[in-house]
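For reference, the structure is listed below as structure tokens.
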Amino acid sequence: KAGVTQTPRYLIKTRGQQVTLSCSPISGHRSVSWYQQTPGQGLQFLFEYFSETQRNKGNFPGRFSGRQFSNSRSEMNVSTLELGDSALYLCASSLAVAGGLETQYFGPGTRLLVL
Amino acid sequence: QKEVEQDPGPLSVPEGAIVSLNCTYSNSAFQYFMWYRQYSRKGPELLMYTYSSGNKEDGRFTAQVDKSSKYISLFIRDSQPSDSATYLCAMAKAGTALIFGKGTTLSVSS
């Protein structure tokens, strides 16, 4: 079974631009979560989507947004990029069965550099 | 105080050593405890998953949760150079997102 895929793998943008990152979950997984990973702050939760609805949201500004499509694929968008947005953006998918905590499977990430 | 604290290391050990990795946390409501391993330029992969307190063993890896002390550990026996990676602890309450530690970088020399 194919794992979580993320595109693009690397991206260079300049301040003020916007960027869209894409995530394809493992087949059959209905939940997609996004994380930002930086050396200073570690892995921080951005948001989670389930059945095309945002189910949980982390403490990030409104410049960070996301969406999920009917096939469970997800995109996240960052508008008005700042230098501090340079990070590894990770997507994780899970089955989203009822009860307990779903095991999350991570993709390889998209490394974003903002100049 | 951050919800999850983890010593970033780096930790360097010789091949065959027993490695102990630890995290402390402040939220007594956490019920789910996990350890992820992340190789350079890769996403994290789940190593161990424990619900509530107790020990769990999987091959060379043992995870321990002490809820009374708000302390979790990962032990690696007979460490190998292939174990060189960053180890992240993570924890959550039911229905909420995972909270990660910042990770401990481990280097195992042959």
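Under the condition of being assigned to a loop (DSSP other than H, G, I, E, B), more than 14 Å from chain A (Cβ to nearest Cβ) and touching a residue at least 60 places away in the same chain (Cβ under 8 Å), which residue from segment B:63-110 is surrounded by the most Cβ atoms within 10 Å (Cβ to Cβ)?
Start the filter on segment B:63-110 by keeping residues that are assigned to a loop (DSSP other than H, G, I, E, B), which leaves B:67-70, B:77-80, B:84, B:93-98, B:101-103, B:110.
Now restrict to residues that are more than 14 Å from chain A (Cβ to nearest Cβ): B:67-70, B:77-80, B:84, B:110.
If we keep only those that are touching a residue at least 60 places away in the same chain (Cβ under 8 Å) as well, we get B:78-80, B:110.
Working: B:Asp78: 12, B:Ser79: 21, B:Gln80: 12, B:Ser110: 9.
The residue in question is B:Ser79.
Would you check which residues across segment A:77-92 are closer than 21 Å to B:Lys42 by Cβ and touching a Gly at 6+ places or on another chain (Cβ under 8 Å) and list them? Write out each step before concluding.
So the first thing to find is which residues in segment A:77-92 are closer than 21 Å to B:Lys42 by Cβ, and the list is A:86-92.
A:Leu88, A:Tyr89, A:Leu90, A:Cys91, A:Ala92, listed by residue number.
Tell me which residues, restricted to segment A:6-61, are under 16 Å from B:Ala97 (Cβ atoms) and small (Gly, Ala, Ser).
A:Ser31, A:Ser33, A:Gly42, A:Gly58
Taking the criterion of being closer than 18 Å to A:Gln104 by Cα, of a type outside the set (A, V, I, L, M) and surrounded by 13 or more Cβ atoms within 10 Å (Cβ to Cβ), would at least one residue in segment B:2-24 satisfy it?
Initially, segment B:2-24 is screened for residues closer than 18 Å to A:Gln104 by Cα, giving none.
No, there is no match, as no residue in segment B:2-24 is closer than 18 Å to A:Gln104 by Cα, of a type outside the set (A, V, I, L, M) and surrounded by 13 or more Cβ atoms within 10 Å (Cβ to Cβ).
Condition first: assigned to a loop (DSSP other than H, G, I, E, B), in contact with a Ser or Thr (Cβ under 7 Å, 6 or more places away or on another chain) and facing chain A (nearest Cβ under 8 Å). Now tell me which residues in segment B:15-49 satisfy that.
B:Gln31
Just checking, how many residues over segment A:39-67 are away from chain B (no Cβ under 14 Å), farther than 16 Å from A:Val19 by Cα and polar (S, T, N, Q)?
2
Would you confirm whether any residue within segment A:45-58 is under 17 Å from B:Arg41 (Cβ atoms), touching a Lys or Arg at 6+ places or on another chain (Cβ under 9 Å) and outside any loop (DSSP other than H, G, I, E, B)?
No, segment A:45-58 has no match at all.
Among the candidates A:Gly28, A:Gly40, A:Gly16, which residue alone is modelled with pLDDT of 95 or more and either under 14 Å from the mean Cα position of the chain (by Cα) or part of a loop (DSSP other than H, G, I, E, B) (or both)? Can you show your working first?
Numbers: A:Gly28 fails: modelled with pLDDT of 95 or more; A:Gly40 fails: modelled with pLDDT of 95 or more.
Going through A:Gly28, A:Gly40, A:Gly16 in turn, the sole match is A:Gly16.
For the list (1) more than 9 Å from chain A (Cβ to nearest Cβ); (2) at positive phi; (3) surrounded by 15 or more Cβ atoms within 10 Å (Cβ to Cβ), I need the number of the one condition that B:Gly54 fails.
Only one criterion in (1) more than 9 Å from chain A (Cβ to nearest Cβ); (2) at positive phi; (3) surrounded by 15 or more Cβ atoms within 10 Å (Cβ to Cβ) is unmet by B:Gly54, namely (3).
Mind listing whichever residues of segment A:76-92 are within 13 Å of the chain's Cα centre (by Cα) and over 15 Å from A:Tyr35 (Cβ atoms)?
A:Asn77
The values are calculated or read from the model by the stated rules, or taken from the named source; none is laboratory data. These figures come from a predicted structure and were not determined experimentally. Cβ coordinates were reconstructed from backbone atoms using ideal geometry, including for glycine residues, and neighbour counts include every protein chain displayed.
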